[in-house]
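The structure appears below as structure tokens.
Every read-out reported here was derived from the displayed coordinates using simple, explicitly stated rules and does not represent laboratory data. Please read all numbers here as calculations on a predicted model, not as lab measurements. Neighbour counts run over all protein chains shown; Cβ positions are idealised from the backbone, glycine included.
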Amino acid sequence: MSNSSGATSGASNVGQRRRFVGVPKMCWCGATISALMSKSASNPYRRYYRCAYAATHKLVDDNHTFKWVDEALLDEIERLTRRTAALEETMSQITTENMEHQKMVFEKMQMKLEREIVESVEEELLESKSSMKKMSIAVIVGCMIMLGLSKVIG
């Protein structure tokens with residue numbers, strides 16, 4: 001029964017084999033993993049991962065690594081889906097934090113600009129008041145001169 005498995009599902013020999021998620025990288029014995037094709041009647045041409053040592057020695061019902069390729073790939077897809085969701089959540093948090101930071105910086109800049117505008121307006125008001133006082137004094141002096149001249153002349 002070379003390169004074949006009598007197992008019909010991913011739960012094959014669960015009591016004897018360790019359960020692992022995803023595509024196996026190495027067997028517990030240290031041997032590499034080989035991708036093989038089933039030649040059994042129950043799973044013809046179904047691809048599976050198998051411990052290279054167990055496959056070479058045609059071991060049957062052992063505790064060396066065995067996993068159907070389709071189930072391993074589904075595990076990988078699920079793992080990547082969870083990882084993608086976690087990354088999306090992280091990106092969302094980073095984006096939210098960035099937006100809050102930008103909002104805070106914008107508000108600080110806005111307050112600074114408003115303060116500068118108020119100071120500038122106050123300076124202009126002071127200059128205008130000073131200028132108005134000078135003009136008022138000039139007008140009063142001019143009126144007094146005209147009043148004095150009008151009394152002298154007439």
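Output the number of the condition that MET99 fails; it satisfies all remaining conditions of (1) free of Cβ contacts under 8 Å to residues at least 60 places away in the same chain; (2) within 19 Å of GLY22 (Cα to Cα). The failed condition is (2). Of all residues in the stretch 19-53, those satisfying the criterion of being part of a strand (DSSP E or B) and surrounded by 14 or more Cβ atoms within 10 Å (Cβ to Cβ) are ILE33, SER34, LEU36, ARG47, TYR48, TYR49, ARG50, CYS51. Within the stretch 80-90, at least one residue is closer than 30 Å to ALA31 by Cα and not charged (D, E, K, R).
Could you tell me whether any residue of the stretch 130-148 is under 49 Å from the mean Cα position of the chain (by Cα) and aliphatic (A, V, I, L, M)? Checked the stretch 130-148: no residue is under 49 Å from the mean Cα position of the chain (by Cα) and aliphatic (A, V, I, L, M).
Out of all the residues in the stretch 53-85, which are in contact with a Ser or Thr (Cβ under 8 Å, 6 or more places away or on another chain) and over 17 Å from PHE20 (Cα atoms)? Scanning the stretch 53-85 gives ALA54, ALA55, LYS58.
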